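Below is one structure, written out as structure tokens, with a few remarks after it.
The values are calculated or read from the model by the stated rules, or taken from the named source; none is laboratory data. On a predicted model such as this, the values are computed, not experimentally measured, just so you know. Backbone-built Cβ (ideal geometry, glycine too); neighbour counts: all protein chains shown.
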Amino acid sequence: MTEAKPTTAQLKYLRRGLTQAGGKLPLFDEEGQRVAPATIQSCIERGWAEPWFANPIKPDWLVCRLSEQGRRLLAETPGATGRVLPFSGGQSAREKP
């Protein structure tokens with residue numbers, strides 16, 4: 001079984017987590033447009049991102065962070081640049097009881 005290859009949109013989204021504390025992934029792109037929910041959801045389904053916490057003001061917005069699998073993907077993908085901050089550990093939204 002071969003692993004799914006990330007799309008350009010997925011890579012762009014995931015790369016932004018490399019420079020954020022805790023690997024936080026953006027809700028909006030560089031031009032202020034909301035990241036497509038389908039992009040976020042597909043990254044979660046492939047294990048490259050993980051839900052971080054619920055947003056009580058906007059419950060339909062997925063606040064996520066880069067997963068360890070996502071970091072490995074970017075490390076193995078040409079063109080992933082930026083100062084990489086270490087994974088902070090802690091519980092993901094899926095691990096909380």
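Whether any residue in the range 76-83 is loosely packed, with under 12 Cβ neighbours inside 10 Å, modelled with pLDDT under 95 and assigned to a helix (DSSP H, G or I) is what I want to check.
Yes.
Just to check your reading of the model, which residue among S88, S67 is under 17 Å from R15 (Cα atoms), at pLDDT below 85 and either in contact with a Phe, Trp or Tyr (Cβ under 6 Å, 6 or more places away or on another chain) or not aliphatic (A, V, I, L, M) (or both)?
S88
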